[in-house]
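Structure first, then comments.
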Amino acid sequence: MASAKAYKDAALSKRLADRSYRPALDSDPTFVGDVERISGTTAHLCYQCGTCTGSCPSAPRSSYRIRNFMRRTNLGLKEVSLNDPDLWLCTTCYTCSDRCPRDLIPTDVIMAMRNMAAAQGVLPKNMLGTVNFIYQTGHGVPNSDGNRAARVKLGLEPEPETTSKYPEYLPAIRKILEAYGTKQLADKVLAEGQ
Amino acid sequence: MVYSGKKASESNEAPVEPRIGVFICHCGTNIAGSLDVIAVKEYALTLPHVVVSENYAYMCSTPGQNMIHDAIEKDHLTGIVVAACTPRLHEPTFRTATANGGLNPFRFEMANIRDQGSWVHMHDWDGGTEKAKDAVRIAVAKATMLEDLYPMAVPVEHRAMVIGAGVAGIQTSMDLAKAGIETYLIEKEPTIGGRMSQLDKTFPTLDCSQCILSPKMAEAGRMPGIKLYTLAEVEAVEGYIGAFDVTIRRHARGVLTPDEAAARGIVGGGCTGCGDCSQVCPVVRPNSWEFGMAPRKAIYIQHAQVVPLIYTIDFDACVKCGLCETACGTKKAIDLNMEDELFTIKVGTVILATGYETFPIEEKSEWGYKLYDNVISSLEFERLICASGPTIGHLIRPSDGETPKSVGFVLCAGSRDNTGIGKPYCSRFCCMYSLKHAHQVIEKIPGCRAYIFYMDIRSFGKAYEEFYYRIQEEGAKFIRGRVAQIQELPNKNLLVVAEDTLLGMPVEIEVDLVVLAAAVQPTAETEVVRRLFGVSCSADKWLLEAHPKLDPCGTTTAGVYLAGVCQGPKDIPDTVAQAEGAASAASIPIHSGQVELEPYYAQCVEKLCAGCGMCVGQCPYSALSMIVADDGRTVMTVTAAKCKGCGTCGGFCPGGAIRMQHFTSPQILAQIDAFFLGGEQ
């Protein structure tokens with residue numbers, strides 16, 4: 001967005017900042033192309049009907065508006081999109097993609113933006129906590145005693161057919177996370193106390 | 001003129017006691033759901049002269065009509081009253097049923113207990129019932145006094161006239177001529193073609209507009225069935241359906257056609273369109289056809305494909321130096337002393353196709369049209385992007401002649417505007433041509449950005465939504481928000497300010513050129529022509545069709561039809577479709593050979609007429625005149641075919657000498673008495 005007016009009071013400055021956008025200053029003309037290349041969907045054909053937001057299970061419970069991200073993509077508003085914490089509220093259920101009348105895949109637009117944000121080191125802390133969980137246990141949500149009891153009650157083995165049962169495969173998973181730099185990124189960002 | 005039958009008032013038969021049949025329609029629940037139809041039926045039986053009273057679910061159905069015709073035979077009725085909807089809907093139906101029963105069809109009277117009864121008193125059962133009883137009583141009072149009337153048949157001239165030679169007028173004329181009707185095509189400009197000939201391409205097919213229109217122009221110009229008068233306007237209109245006498249003013253062109261030259265005895269003379277005259281002409285004027293963006297001489301043609309290819313002298317600009325006469329040489333086509341010519345044509349039916357113009361967008365000052373160099377109208381854009389236009393198809397910005405690298409398109413520029421400055425209606429084709437414009441700049445100027453500022457994209461026609469998709473795919477940027485203002489920057493670029501309502505943020509976009517999709521309005525001449533032919537217009541000044549759904553080409557004036565945008569904004573496919581519809585409608589009376597007129601005309605009772613002549617000037621239809629009667633007195637007489645039965649003269653005549661058939665004074669007084677006296681006469 002355009003530069004904020006400078007008031008002595010920082011909170012007032014923020015509140016009175018000029019919120020209009022000027023494509024010449026604010027938009028990145030390569031953004032829509034990058035998003036379309038990574039997501040594999042022609043985001044610029046979005047006609048803003050709102051079916052995606054209407055279908056979204058996250059939208060009624062949060063400030064997440066996927067239509068808004070589609071709009072920002074088309075306007076090249078890269079900075080505001082990648083820095084918006086709402087970007088991480090998508091559960092990737094793909095309902096919007098099932099229903100989009102223009103046959104686009106809004107979920108993949110979000111995934112593309114998350115990739116771009118992560119590459120810039122912009123990720124929410126709890127997401128990085130999940131990376132560490134996977135590094136340690138092979139699971140974003142590791143098995144627990146309660147879960148084990150429930151599985152036994154249902155006649156299942158306490159541990160599922162994953163790294164929970166075969167911890168010998170954990171080094172391979174750690175290797176993958178290290179090879180793509182995910183673990184290092186998580187450590188770095190968490191160490192910065194972001 | 002054929003007049004059949006005799007006047008009832010002069011009948012020698014002994015008067016018979018009136019016997020009236022009353023039929024109450026339920027109209028499903030439209031009437032029966034809001035008032036007591038049984039009570040109305042029983043009430044009718046108590047009225048004087050009523051011998052039968054019935055009710056039925058749908059009187060307009062075949063069983064309902066049969067009830068009328070059976071009752072006439074069985075009960076020897078002399079008058080019929082149907083209490084139902086409006087005469088406008090079903091008077092013809094019930095008249096036919098009355099005639100089928102053996103009565104004169106004009107012995108039928110309708111009581112409107114639906115539109116003026118149950119619908120307005122939907123929640124007042126008792127009040128609605130009482131009002132319906134009143135309406136029936138009034139109708140019965142009139143029905144007892146109705147007399148036999150006979151429609152008048154008038155012959156229809158086997159010729160038609162089309163006013164306006166845009167694509168609507170051209171299509172209508174060609175259809176009529178192909179149907180064997182001699183058609184006069186009148187155009188105020190020196191060439192036919194209209195707005196469509198100014199366009200570069202047409203949506204959604206991207207056909208070149210002139211490429212698809214010029215074959216029609218050429219064909220219309222040479223069809224023997226079409227008599228083409230360009231540079232001509234309607235001066236006066238007299239007459240009625242079947243026999244309109246239209247006076248045409250043919251403006252002095254200053255140039256003779258080969259035929260006109262031959263008529264003056266100049267062998268092998270007349271204009272060949274060579275253009276030698278224009279080359280030597282020293283006077284330069286802006287070419288209005290190019291919106292002043294190109295020059296023309298005082299002797300000119302508007303563009304290369306004009307029909308007819310005859311040069312025209314602009315006598316307001318011409319200095320009569322005579323250089324053109326010399327250049328023309330032995331063809332002797334130029335007559336600098338030519339004067340306007342007036343002549344009258346008799347035609348059976350008339351089609352108005354007077355088209356549109358863009359509204360003066362400069363009146364909406366926030367967009368800076370005519371204030372900022374680089375804000376242009378959509379029609380100006382058409383000329384600038386057109387290969388035959390002033391820049392040979394190179395889009396430039398007017399301030400410096402540079403190629404624009406970003407263009408903003410402002411939709412609804414004056415449309416959907418209730419301020420009184422713009423137009424409240426949707427101009428209907430701007431969305432689509434603006435999409436086309438965006439396509440053209442993206443296609444012609446590599447890297448050029450197109451921003452479309454819109455409120456809604458109305459892409460409703462066949463293959464239109466697909467065209468919208470295509471333009472979006474090509475990369476045009478759509479910003480949903482009406483442009484609030486445009487500011488000019490020192491480098492003559494424009495800052496377009498709007499709200500991106502989808503993002504909920506204000507937006508400012510700097511562009512090189514702005515194109516305003518201006519609202520359209522009827523041409524100035526439309527109002528003149530409308531008054532001459534007595535055609536109504538709606539509140540927004542477009543010509544009014546007889547019925548928006550069921551009679552979209554007709555008007556309330558018999559024998560006058562509408563084609564194209566003069567009736568309301570429409571694109572080329574809709575215009576041509578309506579033109580073909582109007583041609584069909586206008587050819588029906590002509591091919592029938594005669595039309596029946598309602599026998600509601602005024603009659604002069606000569607023995608009461610004092611010959612004062614004051615009524616003659618009152619008549620809006622010039623139907624009255626003074627004659628010398630057999631006894632030598634001067635009296636008024638009515639030309640029945642011109643009379644519309646409006647009653648102005650009848651109400652005015654101080655001596656009560658004018659009798660309005662079907663609305664005679666005794667009949668109307670009987671209705672008033674019935675209302676006030678409650679049936680006790």
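So the values come out like this:
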{"quantity": "For the stretch B:202-218, 3J(HN,Hα) per residue [Karplus equation, 6.51 cos²θ - 1.76 cosθ + 1.60, θ = phi - 60°, Hz, x = Gly/Pro]", "calculated": "10, 7, x, 8, 6, 5, 5, 4, 5, 5, 8, 8, 4, x, 5, 4, 5"}
{"quantity": "Degrees separating the helix B:464-474 axis from the principal Cα axis of chain B, which is the longest one", "calculated": "20 degrees"}
{"quantity": "Rounded to 10°, Cα long-axis angle of helix B:87-100 versus longest principal axis of chain B", "calculated": "50 degrees"}
{"quantity": "When the convex hull of its Cα atoms is projected in every direction, mean area for the protein assembly as shown (nm²)", "calculated": "58.4 nm²"}
{"quantity": "Largest-first ellipsoid semi-axes for the stretch B:1-154, taking √(5λ) over the Cα gyration tensor eigenvalues, angstrom", "calculated": "28, 16, 14"}
{"quantity": "Under 14 Å from the Cα of A:Lys153 - aspartates and glutamates, other chains or at least 8 residues apart", "calculated": "A:Asp145"}
{"quantity": "Segments B:227-233, B:69-75 sorted - mean Cβ within 10 Å per residue, highest first", "calculated": "B:227-233, B:69-75"}
{"quantity": "The stretch A:1-66, accessible surface, carbon-and-sulfur percent (1.4 angstrom probe)", "calculated": "56 percent"}
{"quantity": "Alpha-carbon radius of gyration plus Dmax, which is the widest Cα pair, for the stretch B:180-254 in Å", "calculated": "15.3, 44"}
{"quantity": "Interchain or long-range residues, amide H under 5 Å from B:Met152's placed H", "calculated": "B:Leu597"}
{"quantity": "Angle in degrees between helix A:170-179 and the longest Cα principal axis of chain A, rounded to the nearest 10", "calculated": "20 degrees"}
{"quantity": "Mean separation of Cα contacts under 8 Å, 6 or more apart, over the residue count of the stretch B:435-537: relative contact order %", "calculated": "17 percent"}
{"quantity": "Residue-wise HN-Hα coupling along the stretch B:417-430, computed from phi with Karplus coefficients 6.51, -1.76, 1.60 (Hz; x: Gly, Pro)", "calculated": "10, 9, 7, x, 8, x, 10, x, 8, 7, 7, 6, 10, 5"}
{"quantity": "Distant-in-sequence amide H partners of B:Leu502 (H built 1.01 Å from N, under 5 Å)", "calculated": "B:Arg480"}
{"quantity": "Dimensionless Rg ratio for the stretch B:113-171, taking C-alpha atoms and the 2.2 N^0.38 Å reference", "calculated": "2.23"}
{"quantity": "Long-range amide H partners of B:Tyr356 with built H, under 5 Å", "calculated": "B:Thr523"}
{"quantity": "Complex-versus-alone comparison for the stretch B:481-526, residues with a loss of 40 Å² or more in accessible area, probe 1.4 Å", "calculated": "B:Leu502, B:Leu503, B:Met505, B:Pro506, B:Glu508"}
{"quantity": "Whole-percent pair-distance distribution, where bins are 10 Å wide, for the alpha carbons of the stretch B:178-303", "calculated": "10, 29, 38, 19, 4, 0"}
{"quantity": "Per-peptide average of other Cβ atoms within 10 Å, ordering B:101-111, A:156-166, B:504-514 highest first", "calculated": "B:101-111, B:504-514, A:156-166"}
{"quantity": "Area hidden from solvent between B and A (accessible, protein heavy atoms only, 1.4 Å, total, Å²)", "calculated": "1700 Å²"}
{"quantity": "Estimated [θ] at 222 nm from DSSP helical runs (n ≥ 4, -39500 (n - 2.57)) normalised by residues in chain B, nearest 500", "calculated": "-8500 deg cm²/dmol"}
{"quantity": "Percent RCO, i.e. relative contact order, over the stretch A:1-124, from Cα pairs under 8 Å lying at least 6 residues apart", "calculated": "27 percent"}
{"quantity": "Fraction of accessible area attributable to carbon and sulfur, the stretch A:82-152 (%, probe 1.4 Å)", "calculated": "55 percent"}
{"quantity": "Heavy-atom accessible surface of chain B: percent carbon and sulfur, 1.4 Å", "calculated": "53 percent"}
{"quantity": "Cα gyration tensor, the stretch B:463-606 - rounded (a/c under 1.5), prolate or oblate", "calculated": "prolate"}
{"quantity": "Lys, Arg +1 and Asp, Glu -1 on Cβ, resulting dipole of the stretch B:481-562 about Cα centre, debye, nearest 20", "calculated": "440 debye"}
{"quantity": "Cα-based equivalent ellipsoid, the stretch B:84-233: semi-axes from gyration tensor eigenvalues, Å", "calculated": "52, 24, 12"}
{"quantity": "Residues in the stretch A:9-52 occluded by at least 20 Å² - accessible area, probe radius 1.4 Å, against chain by itself", "calculated": "A:Arg19, A:Ser20, A:Tyr21, A:Arg22, A:Pro23, A:His44, A:Leu45, A:Tyr47, A:Gln48"}
{"quantity": "B:Asp148 paired with B:Glu598, simple spin-label distance in nm, labels 7 Å along Cα-to-beta-carbon", "calculated": "2.2 nm"}
{"quantity": "Packing-based order for B:573-580, A:106-113, using average beta carbon neighbours within 10 Å, highest first", "calculated": "A:106-113, B:573-580"}
{"quantity": "Inter-chain Cβ neighbour average for residues B:566-575, partner chain, 10 Å", "calculated": "0"}
{"quantity": "Sequence of A:Ser58, B:Ser622 from largest to smallest accessible area, 1.4 Å probe", "calculated": "B:Ser622, A:Ser58"}
{"quantity": "Share antiparallel - DSSP beta bridges, chain B, percent rounded to 5", "calculated": "50 percent"}
{"quantity": "Average accessible area per residue (Å²) across the protein assembly as shown - probe 1.4 Å, nucleic acids and ligands excluded", "calculated": "46 Å²"}
{"quantity": "Cα gyration tensor shape for the stretch A:97-160, rounded if a/c is under 1.5, else prolate or oblate", "calculated": "oblate"}
{"quantity": "Radius ratio Rg over Rh of the stretch B:352-443, counting only Cα atoms, Kirkwood formula for Rh", "calculated": "0.97"}
{"quantity": "Convex hull projection area averaged over all views, the stretch B:454-536, Cα basis, nm²", "calculated": "9.2 nm²"}
{"quantity": "Reciprocal mean inverse distance between Cα atoms of the stretch B:534-574 - Kirkwood radius, Å", "calculated": "10.3 Å"}
{"quantity": "17 Å Cα-Cα reach of B:Lys346 towards lysines, excluding residues that sit fewer than 8 places from it in its own chain", "calculated": "B:Lys227, B:Lys642"}
{"quantity": "Selected from B:Gln487, A:Thr30, B:Ala629, residue furthest toward positive end of dipole (the protein assembly as shown; charges at beta carbon)", "calculated": "A:Thr30"}
{"quantity": "Cross-link table B:Lys131/B:Lys549; B:Lys462/B:Lys570; B:Lys541/B:Lys644; B:Lys188/B:Lys332; B:Lys297/B:Lys332, entries beyond 22 Å C-alpha to C-alpha", "calculated": "B:Lys131/B:Lys549; B:Lys541/B:Lys644; B:Lys188/B:Lys332"}
{"quantity": "Partner aspartates and glutamates for A:Lys183 [C-alpha distance under 16 Å; skip if fewer than 8 residues away on the same chain]", "calculated": "A:Glu192"}
{"quantity": "The stretch B:317-373 shape via C-alpha gyration tensor axes, a/c threshold 1.5", "calculated": "oblate"}
{"quantity": "Helix-only CD estimate at 222 nm, as mean residue ellipticity for chain A, using -39500 (n - 2.57) per DSSP H run (n ≥ 4)", "calculated": "-14500 deg cm²/dmol"}
{"quantity": "Computed Rg/Rh of the stretch B:541-681, alpha carbon atoms with Kirkwood Rh", "calculated": "1.13"}
{"quantity": "Value of Rg/Rh across chain A [Cα atoms, Kirkwood radius]", "calculated": "1.05"}
{"quantity": "Rounded to the nearest 20 debye, dipole of the protein assembly as shown from Cβ charges on Lys, Arg, Asp, Glu", "calculated": "1960 debye"}
{"quantity": "Globularity ratio of chain B, using Cα Rg and 2.2 N^0.38 Å", "calculated": "1.20"}
{"quantity": "Fraction of antiparallel bridges per DSSP, the protein assembly as shown only, in percent to nearest 5", "calculated": "50 percent"}
{"quantity": "Fraction of beta bridges assigned by DSSP in the stretch B:438-539 that are antiparallel (%, nearest 5)", "calculated": "75 percent"}
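The values are calculated or read from the model by the stated rules, or taken from the named source; none is laboratory data. Values in this document were obtained by computation on a predicted structure and should not be read as measured data. Note: ideal-geometry Cβ built from the backbone for every residue, glycine included; neighbour counts use all protein chains shown. Just so you know, the surface numbers come from the protein's heavy atoms only, side chains and all, with ligands and any DNA or RNA stripped out. Shrake-Rupley method; radii C 1.70, N 1.55, O 1.52, S 1.80 Å.
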